[in-house]
Each structure stands twice: as C-alpha cells, then as structure tokens.
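Enquirer: Sharing a structure, written as structure tokens. Questions coming.
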Amino acid sequence: MTTKKAPELRKEEIFNAALVCFNQKGYYETSIDDIASRAGITKGGVYHHFNSKKILFIDLFHTVANRYFESLKLKIHQPADVSSHMQDLVKKSSEIFNENMDILKFCFEFMSLASRDADIRQAVSEFYKNRVAIFAQTLSDGKQKGLFKDIAADAVARTLYFLSMGFFLTYFTIDIDFDPMTQHSLNMKTFLEGIKK
C-alpha cells in the first residue's frame, strides 16, 4: 500500500529537484521531465502543483530568496546599536553566503532572465523593493538614534542594494582573483564608515 505525501512535502521535493536541474542546465535547457525524474514523480505530478515551468521557476525564486533572508535574520541578534547590527549583518551574511551557494547560483540564473521576461522582471522588482525597504528601515533607525549622518535613507538603501548585487554579479561571472568574503567585508566596512556620524 502506497502512502500519499502531503502536498507541501511533495512541493518541497519538486523545489529541491528543480533547484538542482536549473543550476545544472539553466532555465531554458531544463524540462519538466528532468525535474519530475529527479523528484521521482511523474510529469503530471509536477503539473499538479505547478501549471507551467515558469510558474515553478518563479515560485522557487520566491521560496529560496525568502528562506535565504530568513536564515540570515535568525543568525543575527538585534542589538540596540544599529551600527553593530549592520556589522553583524555583514559578518553573518558571509557565513550564509557560503552555506547557500546553490540558492545563490539559482538566484543569479533567475535574475539574469529578468531583462527578457516580464513575469520574471516583476518578481525581481518585488524582491528589489522588499530588500531596499528593509535596508532603508535599518538606516532610518540608525539616523534617528544619531548613529548615522543625515542621509536620505531610501537613496542610501538603494546604494547598499547596488553594492551587494554588484558583488553578487561579479562573483558568478568572472574568474575570482580575490577572496570574496574579505572583499565583501571591506565593501560593507567602507560603506558603514561613510555613513557613520
């Protein structure tokens, strides 16, 4: 007698299989058959949960990106000093970066398609707005507490996003001739020194 798996568990298996397939072959070369085979289910089983490969691709992005940032939040304590909070964020983000390379590689694949697909662009735009809002809130808190200069929090939050995404893009597109975590820490230290009072 076979036991039916709960829908959320089955979706998780599909997500795990899709993450591997998209990372190995890319979006366009990956088929639903590839994902179904890797997940150990039928093609119809994948379509039961996701109406198309693109819907699966977008849902996977939302899921893994949210998990990545949730795991970052869990590892970071909330000190009273916002500046210390930002420094802790830098330190812990380096650890999480190394632990989640498969997720980050997938996110790069996903974001690289945003220039050619409106639905993917919308998902990346939502991600961008959400991250900038989180950065802006932290910067505003620091400004109100007198830790940071009188900065335009939204504009400076975008700068932080651009800095992070530039690092991310470089990491996945060149033969690295530097230690990524040392460089990331230097980037963030320089940024923080620039806004501290």
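The values are calculated or read from the model by the stated rules, or taken from the named source; none is laboratory data. Here the structure is a predicted model, which means the values were calculated and not measured. Methodologically, a virtual Cβ is constructed for each residue, glycine included, from the backbone with ideal geometry; neighbour enumeration extends over all protein chains shown. Each accessible area value is taken on the protein alone, full model and side chains, heavy atoms only, with ligands, DNA and RNA left out. Shrake-Rupley method; radii C 1.70, N 1.55, O 1.52, S 1.80 Å.
Enquirer: Kindly provide the set of residues from region 172-197 that are touching a residue at least 40 places away in the same chain (Cβ under 8 Å) and open to solvent by less than 60 Å² (accessible area, probe 1.4 Å), ordered by number.
Expert: 172, 180, 181, 184, 185, 188, 192, 195
Enquirer: Take residue 116 and tell me if it is part of a loop (DSSP other than H, G, I, E, B) and either farther than 21 Å from residue 195 by Cα or at pLDDT below 90 (or both). Explain how you work it out, then say what you get.
Expert: Working: part of a loop (DSSP other than H, G, I, E, B): yes; either farther than 21 Å from residue 195 by Cα or at pLDDT below 90 (or both): yes.
So residue 116 passes the test.
Enquirer: Could you identify the single residue in 156, 132 that is farther than 22 Å from residue 21 by Cβ, buried (at least 16 other Cβ atoms within 10 Å of the Cβ) and in contact with a Leu (Cβ under 7 Å, 6 or more places away or on another chain)? Walk me through how you get there before you give the answer.
Expert: Details: 132 fails: in contact with a Leu (Cβ under 7 Å, 6 or more places away or on another chain).
Unique residue meeting the criteria: 156.
Enquirer: Under the condition of being closer than 19 Å to residue 62 by Cα and among the basic types (Lys, Arg), which residue from region 1-47 is modelled with the lowest pLDDT?
Expert: 10
Enquirer: Have a look at 142, 146 and point out the one that is out of contact with any strand residue (DSSP E or B) (no Cβ under 7 Å at 6 or more places or on another chain), in contact (Cβ under 8 Å) with a residue 24 or more places away in the chain and either open to solvent by 30 Å² or more (accessible area, probe 1.4 Å) or farther than 27 Å from residue 109 by Cα (or both). Explain how you work it out, then say what you get.
Expert: Values: 142 fails: out of contact with any strand residue (DSSP E or B) (no Cβ under 7 Å at 6 or more places or on another chain).
Going through 142, 146 in turn, just one is out of contact with any strand residue (DSSP E or B) (no Cβ under 7 Å at 6 or more places or on another chain), in contact (Cβ under 8 Å) with a residue 24 or more places away in the chain and either open to solvent by 30 Å² or more (accessible area, probe 1.4 Å) or farther than 27 Å from residue 109 by Cα (or both): 146.
Enquirer: Output the number of the condition that residue 129 fails; it satisfies all remaining conditions of (1) more than 16 Å from the chain's Cα centre (by Cα); (2) assigned to a helix (DSSP H, G or I).
Expert: (1)
Enquirer: Look at region 169-197 and say how many of its residues are modelled with pLDDT under 90 and among the small types (Gly, Ala, Ser).
Expert: So the count comes out to 1.
Enquirer: Could you please find all residues in region 159-170 being of a type outside the set (Gly, Ala, Ser) and surrounded by 13 or more Cβ atoms within 10 Å (Cβ to Cβ)?
Expert: Passing the criteria: 159, 160, 161, 163, 165, 167, 168, 169, 170.
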